Amino acid sequence: MKKIETSLATLKNDLASFYNPAEHHFMVMNAVEMGEKMEVQWFFCDYAHPCETTCFFTLIERGEEVPSIKDIVDSAWVAEAELVDLMNINVENTAKGFVLEPDFESGPLLKKK
Amino acid sequence: MNGYLLPVLLIILAPFIGGLVYGFERIVKARMQRRIGPPLLQPFYDFLKLADKRQMIVHSAHAFLGIMHFVSLWFALALLLLGADLILVIFLHLLSSALLIMAGFSTRSIFSHLGANRTALSILAYEPVLIIIAVSLFINTGSFDAAAAFTSEEPLLFKMPLAFVALLLVLPIKLKKSPFDVAEAHQEITGGVELEFSGLFFEAVYTAKWLDYIFCYTLVFLFAGSNILLGIGLVAGTFLYLNALDNSTARVNYKQMLRFSLGIAFTLAFINLLINSLT
Amino acid sequence: MNTFFSAIGNLFKEPVTTKYPFEPTYKPDDYRGLIGFEESLCIWCRRCELACPPGAIVFSQDMEGKQTYHYNRAVCIYCGECVRACPKEGALFQTAEPAPCALKEENINNGWNQLFDEALDSREKFAAEKKRKAAEKAAADKAAAAAKKAAEEQAGTNNETSAG
Amino acid sequence: MGKQYEIPVGAQHISLLEPLHFRFTTENEKIVKTDANVFYVHRGIEQACCSKFKFRQVSFVVGRVCGLCSISHTTAYSQVAEKLLKIEIPRRAKYLRMLVIELDRIHSHLLCLSHVAENSGFEALFMKTMQYREFSMELLEAVCGNRIQYDFSIVGGVTRDLKPEVADMILKRLDHFMPQLEELIGIYKNNWTLSLKNKGVGRISKEDAMRLNVVGPFARAAGLAVDVRNETEDLLPWKEVGYEMITDTAGDVHARNMVRLREIEVSIRIIRNVIAGLPESDLVTETKAFPEGEATVRLEAPRGELFYYAKGNKTQVLERLKIKAPTFSNVAGMVHAFTNNEYASAPAIIASYDPCLSCTAR
């Protein structure tokens, strides 16, 4: 796994220059709690053999807005909607309520304090 | 008086015989799929179980239309068995289906609407063929009466074989068998018009299906004329054919069904009519 | 067309379904069935309890320190992890016998939860009791030692005094 | 322009096996727009894996994510945990894992095919496929001791060995199954009514499949050569045992059926090679280490790419476990491929995606 650090400001540029639908395959987004901060990750892999998994990651503050990559990767809305509901991350242009009921207590995967 | 005894008995027992036919069909179908299948009386057990269910009706007209569907179908069957005018019988049968369609459209369920829609389309598919058969009957026997067919010395099958083939092609539509069971299509519209009936009112729609079996097999029987052995043979053959067809085809969609029945079955029946009227 | 005729042909073949409850179905010899327990061989290390993913094994303990093995077949997932964890050959083993159905009267879920809590409680109580006893014993020992020492001192002083 | 109807399918519908909800906007039964809700069964398994269960127990927990691809989940988790523990498992364990994964693929593909048949209104073919599927269930029971929850992979290896008589039984049953598979291919390929229902239906083009990041047989039927077995070889030596990529170009339901049927042939070949070349070694690598660091694993489940991310913190309990099921990647493509199809073919299309919602929602 290749990990590439990026930042919220440069994320979209980085991904746009990296992602090529014919070569790369967007897998999923993930978030890991790192104490007060959170690490948001975007996983890609190659169609080629041998395949390499690439992970873009950035550290964010809780509640900070993450830019959406829907205009770069067409199928990213599912992964973004999942993060919004399960990890209580604020993603640009993504409403709550796709993965869980809209009135559900958000962030069930967060560590209980 | 004696001649009426058998038809009247048949009419009264029609739902019961239809249920038996249905039960037997379920066993045959199961065997064709290499299953064991339910007991012969399973339709009646289902009937009793349904009677026990809580009755929920969408609105009274809906339930009433369901029961009227059953009554008018029984009436149509009675007239057919008594040897009445075939055109009348076919239109009474149409009326009973129309009542069901009205029932389907009277609810707000989308599946019920779609089912009613498709039932109407399937009527469009099989009704012309039935009418042409009635007209061929008139040309061959000089009368529209079903009794004329029952008493005809020479079986109609030999006079109008193409019409019989056409009837075989449209019967799956009427009896809701693959490949033409679009009106019911439980995987798509979960039973269509039947969906909103429940309890005792569903019984009416459910038993009406049994009456339909008798109706269709009587139509087949018609082709044998007075030759009862041939008639039984025809009915048994049709039964086997219908079930084997049901077990060897997927469901086509309604456009393909219309194309098929109006394109092939209707043409066959029409050619038969032409030949009959020219000779 | 082939399917049409094979459908008719199937009428003359035996059904392939089995009448399951009335005749047996296929079961391999090493089917993963109920977990068996041989009390005489158990060394009471409780490793099975730690290994069990769903928590279907629990040991309770009475005040004398004797442990009892509890097993719930409805909670068990028959993975055999306990058997692999067991250090003593033959104390735990997996039989090929499928678990019987749980009946309502058994109260198998709520009853088990209660039993589980009670078992943990009983162990805590025993541990507390042991601790208390140990503390008591330590105190008694200490007291005894102190008394002995005092006595010795006494004796010493006595000796001293006698000597003096 | 006809009147638009909205047809809801799900969360409970006869043709659905899984709790998912589609809302089709139709015009004269032609689908013009689809909305989907696929998350009805969120069970919080990821949270349970990172809080309640120890890392050795988690392989049994993730096996319960899905009933059909249970072995794929357990194996993927075991591999990710082995990466965290930095251990290499014995070769025999790798081969046995491949054996069970391929047996599982046969039964999962046959199940999917039977549901396509059933949803196309072909009940007899459903029964036939299910009847032929039974052998794979019995083989799995013989190998793993259970029909559904195999619990075969554990962290460090596998739980059971393959007995010689069981290996013989597998080979014998596979020989017996080959003509049956031929028969099934014949029916799925040539039955006229079934082809009316399946050909040209639910099409997705290769460009769309690529753009929407579709995986599994769904993508391979559209000509997109994506298969984890082809891409990775560090964990399981797929190419050694005769793996071969199967693709089709049509991208419709019929092509998906054909891809699945031909993949069963490949699976059978893999199973035969695995049994023929089963190396002799231990079954489990023992270790006393604790998981540490980050790792990802990709594995080809019957439905497509399965992805596991795990992070350990040198304790018994994992810091984070992320499961990405194949259906999750397919959601976008699934919604896309309905457009401009008859509503009548929608159930068959849904079944041909082979959706596994329990995996997706976890």
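The C-D contact accounts for roughly 1700 square angstrom of buried accessible surface, both chains included, probe 1.4 angstrom. Taking other residues whose beta carbon is less than 15 angstrom from the beta carbon of C:K137, and scoring Lys, Arg as +1 and Asp, Glu as -1, yields +2. Net charge of the neighbourhood of D:D252, taken over other residues with C-beta under 15 Å away and scored Lys/Arg +1, Asp/Glu -1, is +4. Contact-buried residues of segment D:111-128, at a threshold of 30 Å² lost accessible area versus the chain by itself: D:G121, D:F122, D:E123, D:A124, D:M127 (1.4 Å probe; DNA, RNA and ligands ignored). Amide H contacts of D:A295 (H built 1.01 Å from N, in plane; Pro and chain starts excluded): D:A310 sit under 5 Å, all sequence-distant by 5 or more or on other chains. The C-alpha atoms of chain C define a longest principal axis, and helix C:108-163 lies at about 20 degrees to it. At an R0 of 35 angstrom, the distance between the Cβ atoms of B:Y241 and B:L10 translates into a FRET efficiency of 0.95.
Apolar share of the accessible surface for segment D:4-361: 51 percent from carbon plus sulfur atoms, 1.4 Å probe. When each full DSSP H helix of chain B is screened for a Cα extent of at least 24 Å along its own axis and an average Kyte-Doolittle hydropathy of at least 0.5, the helices passing are B:2-32, B:60-81, B:86-106, B:110-141, B:199-222, B:228-246. Under the criterion of Cα pairs below 8 Å and six or more residues apart, the relative contact order for segment B:55-278 equals 30 percent. The residues of segment C:1-43 occluded by other protein chains by 50 Å² or more of accessible area, set against the chain on its own, are C:T3, C:F4, C:A7, C:N10, C:L11, C:P15, C:V16, C:Y26, C:D30, C:R32; surface from heavy atoms, 1.4 Å probe. Straight-line cross-link reach from C:K137 at under 26 Å between alpha-carbon atoms covers these lysines, not counting any fewer than eight positions away in the same chain: C:K66, C:K125, C:K148, C:K149. The modelled label-to-label distance between A:L8 and B:L124, using points 7 Å beyond Cα along the C-beta direction, is 5.8 nm. Annotation: the antiparallel percentage among DSSP beta bridges lying fully within the protein assembly as shown is about 90. Using R0 = 25 Å, the C-beta based FRET efficiency linking C:R123 and C:A96 works out to 0.20. The residues of segment D:4-361 have, on average, 30 Å² of accessible surface per residue, using a 1.4 Å probe with all protein chains present.
In summary, the aspartates and glutamates within cross-link reach of B:K29, defined as a Cα separation below 19 angstrom excluding same-chain residues under 8 places away, comprise B:D46, B:D181, B:E184, B:D212, B:D246, C:E14, D:E118, D:E123. Pairs exceeding 23 Å between alpha-carbon atoms, taken from D:K3/D:K199; D:K94/D:K288; C:K131/D:K314: D:K3/D:K199; C:K131/D:K314. For B:L230 and C:K19, what does the FRET efficiency come to when R0 = 51 Å and r is the distance between their Cβ atoms, rounded to the nearest 0.05? The value I calculate is 0.80.
Of the residues D:S345, D:S281, D:S120, the one that moves most in a GNM of chain D with alpha-carbon contacts below 10 Å is D:S281.
Restriction of the trypsin sites (Lys or Arg not before Pro) in segment B:48-110 to DSSP coil positions whose beta-carbon has at most 16 other beta-carbons within 10 angstrom yields B:K53, B:R54, B:R108. Taking the Cα atoms only, what angle lies between the long axis of helix A:76-86 and the longest principal axis of chain A, rounded to 10 degrees? With rounding to tens, the tilt is 30 degrees.
Short-range pairs are left out: with C-alpha atoms under 8 Å and at least six residues apart, the relative contact order of chain D is 27 percent. Within segment D:1-110, the trypsin sites (Lys or Arg not before Pro) that combine a DSSP coil assignment with at most 11 other C-beta atoms in a 10 angstrom radius are D:K3.
Ellipticity at 222 nm from helices only: DSSP H runs of n ≥ 4 in chain D, each -39500 (n - 2.57), divided by the residue count, give -15000 deg cm²/dmol.
Electrostatic tally near C:E14: other residues with Cβ closer than 14 Å to its Cβ, Lys and Arg +1, Asp and Glu -1, net +4.
Membrane-span-like helices in chain D, defined here as complete DSSP H runs extending at least 30 Å along the helix axis by their C-alpha atoms with mean Kyte-Doolittle hydropathy no lower than -0.5, are D:91-119, D:123-144, D:164-190, D:253-276; this is a sequence and geometry rule, not a statement about a membrane. Here the simple spin-label model places points 7 Å from the Cα toward Cβ, and for D:D234 and A:E92 these points are separated by 3.3 nm.
Using the 1.4 Å probe convention, the accessible area of segment C:15-133 works out to 62 Å² per residue with neighbouring protein chains retained. In terms of the Cα gyration tensor, with a ≥ b ≥ c the square roots of its eigenvalues, is chain D rounded because a/c is under 1.5, prolate because a/b exceeds b/c, or oblate? Oblate, because a/c is 1.5 or more while a/b does not exceed b/c.
Among the trypsin sites (Lys or Arg not before Pro) found in segment C:29-107, those both in a DSSP coil and sparsely packed, with 14 or fewer other Cβ atoms within 10 Å of their Cβ, are C:K66, C:K88.
The values are calculated or read from the model by the stated rules, or taken from the named source; none is laboratory data. For clarity, every value in this text was computed on a predicted model and none was experimentally measured. In this analysis, Cβ positions are derived from the backbone assuming ideal geometry, glycine residues included, and neighbour counts consider all displayed protein chains. SASA here: full protein model, heavy atoms, side chains in, ligands and nucleic acids out. Shrake-Rupley method; radii C 1.70, N 1.55, O 1.52, S 1.80 Å.
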